[in-house]
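> Below: one structure in structure tokens.
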Amino acid sequence: MVVLAASIVSKSGKALVSRQFVDMPRIRIEGLLAAFPKLVGTGKQHTYVETENVRYVYQPIEGLYLLLITNKQSNILEDLDTLRLLSKLVPEYSPSLDEEGVCKTAFELIFAFDEAISLGNKENVTVQQVKQYCEMESHEEKAHKLMMQAKINETKDVMKKKANELDKMRMERGKLDKGGYSSISGPRVIEKTFNDMSISGSRFGSGSGLGGLSTDMDSFASKPKGRPSQPATAPGKGFGMKLGKTQKTNQFLESLKAEGEVILEDVQPSTVPSRSAALPPSDPVTVTIEEKLNVVVKRDGGINNFDVQGTLALQVLNDADGFIQLQIENQDIPGLSFKTHPNINKELFNSQQILGAKDPNRPFPSGQNETPLVKWRIQGMDESSLPLSVNCWPSVSGNETYVNIEYDASEIFDLHNVIISIPLPALREAPSVRQIDGEWKFDSRNSVLEWSILLIDQSNRSGSMEFVVPPADPSSFFPISVGFSASSTFSDLKVTGIHPLKEGNPPKFSQRARLLTANYQVV
């Protein structure tokens, strides 16, 4: 028995997949396949056709033919057995038995044919064995991956032990700090005041302060009158030891990454963007004004939630510049309410909008960390105040779903880095985007289409996108998530001046304002 070729052809003789097992010119195989439909008679019960040189053994599969081309000396019974095996393999690798489905899985089918037929002779294999051979699972590869993962886990355990040791060192150093020594700005003798000077990023504190920024805020301390005689020094050696101890571990992980291994690192989640990534301030005093949006909009109109939460944070580089008060002003908006830190003079703030400590002899904390001083909240705004409105219109037409999405931005804000994320039903391929104002990216792992616009200003206050997917439920395109930033805020709060509490000129200061989205959805 010698099988010359195994092929899948259309009723018209078009070759979709063909695997030759003997040396044969392309012109000859194409001629043999093109002549086959003319030789097939109608109303005949047998499934083979002979010519002067070859024999065709075939089986119809829906609108196609599964075809074996053999020499005339081959055993017809063995040919039929081979044909039955291939007819079971084809549906396993090509669920859609049409021209498009067979062409998409052409290489998988060729690999399966190679496992079933070797040098023109049928192999003694079953369908399950062919599938196993094509998957090419390797015990050695699995053992290697398990060994590498064990090394990674061992490295993580070492890192955790080192982290625990460093935490213990910090706790011991913290006990010394409570006795009167600061851990952030060098060996300065101070007294502990302004306890728990930290603010949580999600809600206002009650009686114990405003939340959890950094324990180094304890340096907001009472100092002797007058300016300190010693300048602030660099951070202690403890921070350098922390980096040195993990250097070998980091080198090992980097070597694993260079070999192509996937390293799953433990990353602590954070709901507040890291401010350390920003450029270091150059002015002695820096004020950061930030507002975050929590918005849930109904797809048919109306608002479920529209909440704005803001924070004013102060960063002072030198202790000598901490004896100051901040004069602020803001836009009068209905529903705007403030809440100051417990150690801020509330009467002074309510009457003159000046932020200052209750005890004027205590300076604001200094260092690289920001100190939140006041928070505010805006409630009761309506849909007309939204910075960005998004409308989604899915419609099913035949075997396709057309989705039209449009945005409309407010005149108040210029929005930066806008990303509109639309969930999609499970797709094998990216959706067909017909029209878009901006750029798009398909996240196949999460089945999400991301529409990004770098900047929305006066030139593009509105825009649209249209894409096509297979038939889907309209509710599968919700909820839509929106992310953006802006350089202005709803409250328009700003610092208009700094009042020094001691003699001399007020220090230079800079301020930056930003509007961010914590949660912005269309449901």
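The values are calculated or read from the model by the stated rules, or taken from the named source; none is laboratory data. This structure is a prediction, so every number in the text was calculated from the model and none was measured. Here the Cβ is made from the backbone with ideal geometry for all residues, glycine too, and neighbour counts use every protein chain on show. Just the protein is used for accessible areas: all its heavy atoms, side chains included, with ligands, DNA and RNA removed. Shrake-Rupley method; radii C 1.70, N 1.55, O 1.52, S 1.80 Å.
> Apply the Karplus parameterisation 6.51 cos²θ - 1.76 cosθ + 1.60, with θ equal to phi minus 60°, to every residue of region 73-89 and state each ³J(HN,Hα) to the nearest whole Hz, in sequence, with x for glycine and proline.
Whole-Hz 3J(HN,Hα) from phi for region 73-89: 8, 6, 7, 5, 5, 5, 4, 5, 5, 5, 5, 5, 4, 5, 5, 7, 6.
> Another question, then. Considering only protein heavy atoms and a probe of 1.4 Å, how much of the accessible area of region 8-88 is carbon and sulfur, as a whole percent?
48
> Can I ask one more? Given 37 °C and 0.692 mPa s, how large is the Stokes-Einstein diffusion coefficient of region 278-322 in µm²/s, with Rh as the Kirkwood radius over Cα pairs? Mind dumping the intermediate values first?
On the way: Rh = 13.5 Å.
Taking Rh from Cα pairs, D becomes 242 µm²/s.
> Full extension from Arg445 to Arg28: what is 0.36 nm times the residue separation minus their Cα-Cα distance, to one decimal in nm?
145.7 nm
> Also, I was wondering about something else. In sequence order, what are the phi-derived ³J(HN,Hα) couplings for region 409-419 according to the Karplus relation 6.51 cos²θ - 1.76 cosθ + 1.60 with θ = phi - 60°, rounded to whole Hz, with x for glycine and proline?
Karplus-based 3J(HN,Hα) across region 409-419 equals 9, 6, 6, 6, 10, 9, 9, 10, 6, 7, 10 Hz.
> Any idea of Trp440's accessible area? Nearest 10 Å², probe 1.4 Å.
Here the accessible area works out near 100 Å².
> While we're on this one: Based on the Kirkwood radius over alpha-carbon pairs, what is the Stokes-Einstein translational diffusion coefficient of region 68-173 at 20 °C with 1.002 mPa s viscosity, in µm²/s? Show your work: numbers first, answer last.
On the way: Rh = 18.3 Å.
Reported coefficient: 117 µm²/s.
> Given the Cα-Cα distance of Val396 and Asp167 and 0.36 nm per residue of separation, how much length would full extension add, in nm?
Taking 0.36 nm per residue and subtracting the Cα distance, the gain is 76.6 nm.
> Could you list which residues have their amide H under 5 Å from that of Gln511, counting only those 5 or more apart in sequence or on another chain, with H placed in the peptide plane?
Val287
> Of the listed peptides 338-349, 282-293, 140-151, what is their order by residue-averaged count of other C-beta atoms within 10 Å, with the highest listed first?
Ranking the peptides 338-349, 282-293, 140-151 by packing returns 282-293, 338-349, 140-151.
> Too long at a 26 Å Cα-Cα cut-off: which of Lys151/Lys175; Lys346/Lys502; Lys339/Lys494; Lys88/Lys145; Lys151/Lys441?
From Lys151/Lys175; Lys346/Lys502; Lys339/Lys494; Lys88/Lys145; Lys151/Lys441, over 26 Å: Lys151/Lys175; Lys88/Lys145; Lys151/Lys441.
> What net charge do the residues around Ser464 carry, taking every other residue with its C-beta under 11 Å from that of Ser464, with Lys and Arg at +1 and Asp and Glu at -1?
On the way: positive: Arg434; negative: Glu406, Asp408, Asp437, Glu466.
In short, -3.
> While we're on this one: Once the other residues with Cβ under 11 Å from the Cβ of Asp98 are scored (Lys, Arg +1; Asp, Glu -1), what is the net sum?
Working: positive: Lys104; negative: Glu62, Glu99, Glu100.
Summing Lys and Arg as +1 and Asp and Glu as -1 gives -2.
> Amide H to amide H under 5 Å from Leu16: which residues, 5+ apart in sequence or cross-chain, H placed 1.01 Å off N in plane?
For Leu16, whose amide H was placed from the backbone, the distant partners under 5 Å are Ile8, Val9, Ser10.
> Here is a further query. Quick one: what Rg and Dmax do you get for region 348-481 from the alpha carbons, in Å?
22.2, 76
> Still on this model: Please arrange Arg445, Arg19 by accessible surface area, largest first, computed with a 1.4 Å probe and ligands excluded.
Arg445, Arg19
> Here's something else I'd like to know. Which value in nm describes the separation of the simple spin-label points at Arg514 and Lys298, placed 7 Å from the Cα toward the beta carbon?
3.4
> Keeping all protein chains in position, work out how much accessible area Asp332 exposes to a 1.4 Å probe, and write it in Å² to the nearest 10.
140
> Short version: ³J(HN,Hα) in whole Hz for each residue of region 339-356, in order, from phi by Karplus 6.51 cos²θ - 1.76 cosθ + 1.60 (θ = phi - 60°), x for Gly and Pro, what are they?
Each residue of region 339-356 in turn: 8, 9, 5, x, 8, 9, 6, 5, 4, 5, 5, 5, 8, 10, 6, 10, 9, x Hz.
> Specify the inter-centroid distance of region 504-518 and region 107-126, based on alpha-carbon positions, in whole Å.
Computed from Cα coordinates, the inter-centre distance equals 72 Å.
> Taking H placed 1.01 Å from N in the peptide plane, check which residues at least 5 places from Leu415 or on another chain put their amide H under 5 Å from its amide H.
Distant-sequence amide H within range of Leu415: Ile456.
> How big is the convex hull of the Cα atoms of region 398-475, per residue, in Å³? Before the final figure, lay out each step's value.
Numbers: hull volume 7.4 nm³, N = 78.
With only Cα atoms used, region 398-475 gives 95 Å³ per residue.
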